[in-house]
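Derivation of every value follows stated rules applied to the coordinates shown; laboratory data play no part. Everything numeric here is computed off the predicted structure, so don't read it as measured data. Here Cβ is always computed from backbone atoms with ideal geometry, including for glycine, and neighbour counts include all displayed protein chains.
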Amino acid sequence: MLKIIADNKIPFLEGVLEPYAHISYLPGAKTDASVIKGADALITRTRTKCDEKALSDSGVKMIATATIGFDHIDTAYCDKNNIKWVNAPGCNSGSVLQYIAATIATLTSKLCIDATQQTIGIIGVGNVGSKVAGFANSIGMKVLQYDPPRAEKEGREQFVDLPELLAQADLITFHVPLQRTGIYKTHHLGDAAFFEQCKKNAIIINSSRGEVINNDDLLAALNKQTIGHAVLDVWENEPDINRGLLDKTMIATPHIAGYSADGKANGTSMSVQAISRRFGLPLEDWYPSNIPAPAHPTLQIDAQGMTDQQVWSKAILHTYEILEDDQRFRREPATFEYLRGSYPIRREFRAYCIQLKNGSERLVEMLNKIGFGHVELI
Ligand SMILES: NC(=O)C1=CN([C@@H]2O[C@H](COP(=O)(O)OP(=O)(O)OC[C@H]3O[C@@H](n4cnc5c(N)ncnc54)[C@H](O)[C@@H]3O)[C@@H](O)[C@H]2O)C=CC1
Ligand SMILES: O=C(O)C(=O)[C@H](O)COP(=O)(O)O
């Protein structure tokens, strides 16, 4: 019988593969060579290091990671050794968008900023970055995009170079993969020289990978006030993060930007479907049917006397109150992995209905563009 090892923190998976495989659920960080030996396939998250040490002589034929990022997989080793690997492109991009939208709603309110007067610089414009660009456009921000691999393929028209982005952007948000080498290297892309080129009050947001920013340089830039603020979901050396940096951040979370239930369901189903295709199982169209509904799926907003920004902020923060994650984390930063493993149910915008009293067609269009499931004037 097919033997599969799956990370025990992948939701919606239990019971699905059991009719066709012997499946063991193990903690991701402890899934090493000693337990992998003899498995045909792995279903992982980012916490399982899939390298030569773990895989050589294991017999593993396929690795499916239920995540977007795949920097935990030594893809060159896998390719050389005929181990098929797949990630789950875009699976939780809607969740990261929700994280960034909640960040912008929170910051603009805390710092009394009019979003329509702000420029956002997006570094890496793939699945997540494109959604962030669409959101920023829909709330009236000016958008600058930096993505050299795309510019090379598609032409430079919709992209700027990095110095231009850094000179103009009020908010800078990273959505690149972690690449340690090569012409498109992103490791420590955010370093001292990078921060020196930013506007003095620039806000840096990182929800990509911790190592994309040199955390010591970021802390120094915050201390020297070379930049204004930082919002971090990802950190160098997780879970043992730089506590000095944590204290200087405006919003801090333990790598949960992609943790919506929708994103997790997508990731799990993409992994199951890929395994199914590789091993000929009848689960090629499988998708979880048990995603919990939001506690309060309908929100009524009386827009009388409110600005557009107040309306969209209220709608966004109803779906995701990011400061609750921030507070839980700051209270006990040492519980980084526990907070991730016990993350509450969060549903994305499309699971919500917004009813607008005294609203306008313009607001309805804006909320529809942001991605709410249903928006109506009442
Ligand atoms: N915090 C979290 O929970 C999550 C984090 N992530 C991270 O976010 C990253 C981005 O996700 P997606 O947008 O789905 O990935 P994607 O692969 O769709 O897009 C990445 C984009 O970055 C661009 N890029 C590559 N090298 C670059 C460079 N040197 N400079 C500028 N742009 C560059 C690529 O051309 C591509 O357009 C993932 O690789 C993952 O590491 C993803 C999901 C959740
Ligand atoms: O999809 C990704 O890439 C992520 O970073 C996930 O949202 C977080 O993945 P895990 O660490 O829970 O595997």
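For the stretch 158-174 and the stretch 192-251, compute the distance between their C-alpha centroids and round to whole Å.
Here the answer is 16 Å between Cα centres.
With only Lys, Arg, Asp and Glu charged, each at its Cβ (+1 for the first two, -1 for the last two), find how big the charge dipole of the stretch 93-252 is about the Cα centre; round to the nearest 20 debye.
Around 240 debye, computed over the stretch 93-252.
Under Stokes-Einstein, with the Kirkwood radius over Cα pairs standing in for Rh, what whole-number D in µm²/s applies to the chain at 25 °C and 0.890 mPa s? Walk me through the numbers on the way to the answer.
Values: Rh = 21.8 Å.
Approximately 113 µm²/s, per Stokes-Einstein.
Kindly express, to the nearest 10 degrees and within the range 0 to 90, the angle between helix 322-331's C-alpha long axis and the longest C-alpha principal axis of the chain.
Compared with the principal axis, the helix lies near 70 degrees.
Just going by the charge dipole of the chain, with Lys and Arg at +1 and Asp and Glu at -1 on Cβ, which of Gln225, Ile43, Gln355 is farthest out on the positive end?
Going by the charge dipole, the pick is Ile43.
Where does the longest stretch of the chain lie that holds no GluC sites (Glu not before Pro) found in a DSSP loop with 12 or fewer other Cβ atoms within 10 Å? Mind dumping the intermediate values first?
Numbers: sites that count: Glu14, Glu157, Glu284.
Answer from the scan: 15-156.
Are there chymotrypsin sites (Phe, Trp or Tyr not before Pro) in the stretch 104-205 that DSSP puts in a loop and that have at most 16 other Cβ atoms within 10 Å, and which ones?
Numbers: sites: Phe135, Tyr146, Phe159, Phe174, Tyr184, Phe194, Phe195; in loops: Phe159, Tyr184.
Filter output for the stretch 104-205: Tyr184.
Quick one: Thr44, Thr249, Thr226, fewest Cβ neighbours within 10 Å first, how do they rank?
Thr226, Thr249, Thr44
The stretch 140-241: which trypsin sites (Lys or Arg not before Pro) are DSSP loop and have at most 16 other beta-carbon atoms within 10 angstrom?
Values: sites: Lys142, Arg150, Lys153, Arg156, Arg180, Lys185, Lys199, Lys200, Arg209, Lys224; in loops: Arg156, Arg180, Lys185, Lys199, Lys200, Arg209, Lys224.
Filter output for the stretch 140-241: Arg156, Arg180, Lys185, Lys200, Lys224.
Chymotrypsin sites (Phe, Trp or Tyr not before Pro) within the stretch 325-356: which are DSSP loop residues with at most 14 other Cβ atoms inside 10 Å? Please list the in-between numbers first.
Numbers: sites: Phe329, Phe336, Tyr338, Phe349, Tyr352; in loops: Tyr352.
Passing sites in the stretch 325-356 do not exist.
Please report the spacing between the Cα centers of the stretch 62-140 and the stretch 270-317 in Å, no decimals.
Result: 16 Å between the Cα centres.
Output the 0 to 90 degree angle, nearest 10, between the alpha-carbon long axis of helix 361-370 and the longest principal axis computed from the alpha carbons of the chain.
Once rounded, one gets 30 degrees.
What percent does the relative contact order of the stretch 298-377 come to when contacts are Cα pairs within less than 8 Å and at least six residues apart? Each step should come with its number before you reach the end.
Working: 84 pairs, mean separation 31.7, N = 80.
This gives 40 percent for the stretch 298-377.
Out of Leu367, Asn237, Thr103, whose Cα points farthest toward the positive end of the dipole of the chain (charges: +1 Lys, Arg; -1 Asp, Glu; placed on Cβ)?
Checking the options against the dipole of the chain, the answer is Asn237.
Given contacts defined as C-alpha pairs under 8 Å and at least six residues apart, what's the relative contact order of the chain, whole-number percent?
On the way: 734 pairs, mean separation 53.1, N = 378.
About 14 percent, as a whole number.
For the stretch 130-146, in order, what is each residue's ³J(HN,Hα) by Karplus, 6.51 cos²θ - 1.76 cosθ + 1.60 with θ = phi - 60°, in whole Hz (x at glycine and Pro)?
5, 5, 5, 4, x, 5, 4, 4, 5, 9, x, 7, 7, 10, 10, 10, 10
Helix 308-319 versus the longest principal axis of the chain: what angle, 0 to 90°, nearest 10, using Cα atoms?
With rounding to tens, the tilt is 30 degrees.
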